[in-house]
Structure formats: C-alpha cells, structure tokens
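K.L.:
Here you go, one structure.
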Amino acid sequence: MLDIGSMTPEEIAVRLTEMGQPAYRAGQIFRWIHSGTGSFDKMTDLPAALRQELEKKFVIYSIKIDKKLVSPGDNTVKYLYRLHDGETVESVVMHYKHGSSVCISSQVGCKMGCGFCATGLGGFTRNLTASEMLAQIMAAKKDLSIDINHAVLMGMGEPLDNFEALSRFLTLVSHPQGLAISRRHISVSTCGLVDGIYKLMETKPQCTLSVSLHAPDDELRSRLMPVNRRWNIKELLDACRRFTKETGRRVSFEYALIKDLNDAEEQAVRLAALLRGMKAHLNLIPMNAVKETPYRKSDRKRIMCFFKVLTNAGINVTIRRTLGADIGASCGQLRGKSPNNTDI
C-alpha cells in the first residue's frame, strides 16, 4: 500500500482523481494526517465510503511511545518510539527561551561508524520514510501539548544518506497546511557526506547545515570518523563554503570535546585556522560519554581554555548548554538499553 503520509496535497489529489473523488478532499486528508491522526476512520468530515476505500489503498505509518524519560533538571524529554515494523528510534524535545525544539532521527541505526557515537554500535537497519520523520514531531507535540517551532535532524542516522526522504520531509514539514515549521528553523546535520551537501545545496533548502567536525586534522578525524577517509577536511570545508555562497545560509560546525584527544590548546589554534574567514558558527559540545567507547568528556578547565583560544582568534563560537544528560539524551543511548533491541 502507498504511504500517504509522505505525499503532498497535490500528490494526494492526483490519487483521489484516479479514484473518481474530488481533488479538494486532498487538503482535508493532508490536514488530518499532519494533525497526528493515524486512522482514516477518525477523518470524520470524509464520507464513510471514501474512508473505507482509503483504508484499502493507503497506509498511515504510525509510531508509538515505547519509553519516555523527563529530565527533572531542565524538562528535556527523551522518547523511544516504536515503528510499525517493531524497530525503534529516538527523539528529544528541548525547551529554550525562543521555544521548543525537537531532535529527530532519520534512520534506524547508522552506517557511518563514528567511534564515539552510540547510534552506530548496533549497525544500520533501514531508512525512515518522510512520514516517519514527521510522526516523531507530531507524537511529541501531541504528548506534551506544546507548539514545536524548531526541528533538528541530529538524532539517529545520517540525514544526507537518506536524501530522498529528507527532501520530501523538508517539503512537508514546512507546508502551510501541515506543521508549518519554517525551514529557517530547521537544521540538517551531517558527518561530512560531501556529495550530499552539494545535492542539498542544489535544492536551495533555506535550512541550516550542521556539520560534525570533531577534529582539526585529517589524521585524527579519520580515526574518529571513517567518512573522512572518503572526503577529507579540505573537501568538506570547500563544500561548506560553496553551500554558504549558493544559499546565503551559514554553516554550523559541531565539535565534541573529548578528553585528552581533541581538546588541547594547540588543536584549538589549528581549528581556528581552518574556520577563519568562513560564514560559520562553531558549537563546542561537552561530550556525552558512551560506556561502550573509551572516550570521555573534557574537564571544564580544558573546555574554557579551548573556547578562549577560539574567541581570541575571532571565531564565532559558543559552548552548547548540556540538556538531558541525566536521562541519557545523546543519540542511541536509550535505544541501546531497550530490552527488545538485542543487537546492541
């Protein structure tokens, strides 16, 4: 059956016309789906006969909250969602002064194999559909009874490795009849798939590109992130500069500070040299330790020294506020503890 939740109103209208139905019904169906309605039976302004016909031809991929953790410190909420096929993914809702932001997953597992990441420990299972990506936002919005006005694709998986679904998601999530989240309030994260950056650039996405850097030189980055063996730092930064030039959007770089590995003062100097002159923002992230890896969080003194070197070099840099650390809010940690996930 066809995944109607991944269709635009125009695509739904074409299908309805083929069924002998008026095209205007497409807008009704689209609004129902994007309000979180997971059943055609509940679309009460549609004729009963049409609802039955839709049930035979289409599927609405629903997700269920399998586990929910709430941080008593900052009210960050972490969800483990169970998908229609029994697989699980994670999502995190974070609250800021400017509103609520949701971090969603784009794949079940991940192929990238970054050495410090919990998500990749269980390997890759499958891509998510655009509708499954949207459903994570709708489920959180409904459960918490809040408006969500920012979305980041920094959860499980590599978004640019699921490019078709990502492109469709960006179209749907910003649709005025749907969730209507501005693309300027959406960040797409990548570990450094240079070909994907160029493909995204061509679509003029108007979203923020967020690049996981985590090292100031190729030798270390290749150890931490196998993708660097395919596209080195120079190739990656060239793509980022081109992205900014073509889209007018600055790039955000993520740098997780790992104790005694990438947090030395001289490494901050090299990092500043790499980023100087770019229209970019650098997020320093106190690393969330994953017990299955040898990497640990830098101490505060080294973090502040690293930050000061970058600031003095004129780099636009912030230290990311750690949210949800007490509930294991970093990607892959909750899924790995689920008793139904024996692959981890």
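The values are calculated or read from the model by the stated rules, or taken from the named source; none is laboratory data. Predicted model, so just to flag it, every value in this text is computed and none were measured. Quick reminder, even Gly has a Cβ in these numbers, built from the backbone with ideal geometry, and neighbours come from all protein chains shown.
K.L.:
For the stretch 1-32, give me each residue that is under 12 Å from Phe58 (Cα atoms) and touching a residue at least 40 places away in the same chain (Cβ under 8 Å).
P.N.:
Across the stretch 1-32, the qualifying residues are Met1, Leu2, Asp3, Ile4, Gly5, Ser6, Arg15.
K.L.:
Output yes when any residue across the stretch 139-148 is touching a residue at least 40 places away in the same chain (Cβ under 8 Å) and within 20 Å of Leu209 (Cβ to Cβ), and no when none is.
P.N.:
Checking the stretch 139-148: not a single residue is touching a residue at least 40 places away in the same chain (Cβ under 8 Å) and within 20 Å of Leu209 (Cβ to Cβ).
K.L.:
It is to be established whether one or more residues within the stretch 258-279 are in the same structural domain as Ile303 (by TED's automatic domain parsing), farther than 20 Å from Ile319 by Cα, crowded, with 21+ Cβ neighbours inside 10 Å and at pLDDT 95 or above.
P.N.:
no
K.L.:
Still on this structure: Could you please find all residues in the stretch 141-169 being crowded, with 23+ Cβ neighbours inside 10 Å and more than 22 Å from Lys111 (Cα to Cα)?
P.N.:
Within the stretch 141-169, just Ala151 meets the criteria.
K.L.:
Return the residues of the stretch 114-164 that are charged (D, E, K, R) and in a helix (DSSP H, G or I); say none if nothing qualifies.
P.N.:
Glu132, Lys141, Lys142, Asp143, Asp161, Glu164, listed by residue number.
K.L.:
Residues that are at pLDDT 95 or above, within 18 Å of Asp147 (Cα to Cα) and surrounded by 13 or more Cβ atoms within 10 Å (Cβ to Cβ): does the stretch 52-63 have at least one?
P.N.:
Within the stretch 52-63, not a single residue is at pLDDT 95 or above, within 18 Å of Asp147 (Cα to Cα) and surrounded by 13 or more Cβ atoms within 10 Å (Cβ to Cβ).
K.L.:
Within the stretch 287-333, take every residue that is surrounded by 18 or more Cβ atoms within 10 Å (Cβ to Cβ) and in a strand (DSSP E or B) and give me the one that is modelled with the lowest pLDDT.
P.N.:
Lys297
K.L.:
Would you mention how many residues in the stretch 96-123 are over 13 Å from the mean Cα position of the chain (by Cα), of a type outside the set (A, V, I, L, M) and crowded, with 18+ Cβ neighbours inside 10 Å?
P.N.:
Filtering the stretch 96-123 for residues over 13 Å from the mean Cα position of the chain (by Cα) gives 96-100, 111-118, 120-123.
Still in the list and also of a type outside the set (A, V, I, L, M): 96-100, 111, 113-117, 120, 122-123.
With crowded, with 18+ Cβ neighbours inside 10 Å added as a condition, the list becomes 100, 114, 116-117, 120, 122.
Summing the residues that are over 13 Å from the mean Cα position of the chain (by Cα), of a type outside the set (A, V, I, L, M) and crowded, with 18+ Cβ neighbours inside 10 Å in the stretch 96-123 gives 6.
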